[in-house]
Amino acid sequence: AAWGRTPARITPAWLAERPLILNDASTRLSRLTAEWFAGAALRPTARIELNYNDAIKSLVAAGYGATLLPHESTAPPPDPRIRMLPVRPALWRPLGLAWRSGALEPATEVVLAVLRGFRQG
């Protein structure tokens with residue numbers, strides 16, 4: 001294999017040695033990625049920068065490099081040429097929740113109750 005042995009969890013040092021395909025600097029994901037690398041005192045340069053995750057995945061599948069993208073559980077399975085692995089240290093991003101003002105629908109009430117339970121637990 002041209003990339004050598006792949007670890008079970010990807011580290012900043014291992015990934016920094018590969019050609020990178022990343023989101024451009026205008027995105028929040030780019031800032032999170034830069035912070036992840038900076039935690040290991042690294043500042044790798046992307047080979048290619050794009051803002052379309054599907055295009056990035058296509059380039060990875062074609063062998064142009066590696067990337068850091070959020071795992072989207074509702075997305076279709078990736079191209080079989082793509083190997084998805086967890087990263088260490090874990091990379092997290094904050095999320096927000098928005099809902100329509102006024103009376104809540106029952107399903108929205110249930111979701112908000114569950115989320116409030118996480119906060120209190």
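The values are calculated or read from the model by the stated rules, or taken from the named source; none is laboratory data. From a predicted model like this one, the values you see are computed outputs, not experimental measurements. Note that we place each Cβ from the backbone using ideal geometry, even for glycine, and neighbour counts take in every protein chain shown. Accessible surface areas use protein heavy atoms only, side chains included; no ligands, DNA or RNA. Shrake-Rupley method; radii C 1.70, N 1.55, O 1.52, S 1.80 Å.
Determine, yes or no, whether Thr33 is touching a residue at least 24 places away in the same chain (Cβ under 8 Å) and in a loop (DSSP other than H, G, I, E, B). For Thr33, the condition - touching a residue at least 24 places away in the same chain (Cβ under 8 Å) and in a loop (DSSP other than H, G, I, E, B) - is not met. Looking only at region 69-106, filter to residues that are more than 23 Å from the chain's Cα centre (by Cα), open to solvent by 70 Å² or more (accessible area, probe 1.4 Å) and not basic (Lys, Arg); which one of those is farthest from Thr6 (Cα to Cα)? For region 69-106, the residue satisfying everything is Ala103. Considering every residue within region 45-64, establish whether at least one is closer than 12 Å to Pro12 by Cα and either in contact (Cβ under 8 Å) with a residue 24 or more places away in the chain or assigned to a loop (DSSP other than H, G, I, E, B) (or both). No, region 45-64 contains no residue that is closer than 12 Å to Pro12 by Cα and either in contact (Cβ under 8 Å) with a residue 24 or more places away in the chain or assigned to a loop (DSSP other than H, G, I, E, B) (or both). Looking across region 18-29 at every residue that is in a loop (DSSP other than H, G, I, E, B) and at pLDDT 95 or above, the one that is nearest to Asp54 (Cα to Cα) is identified as Pro19.
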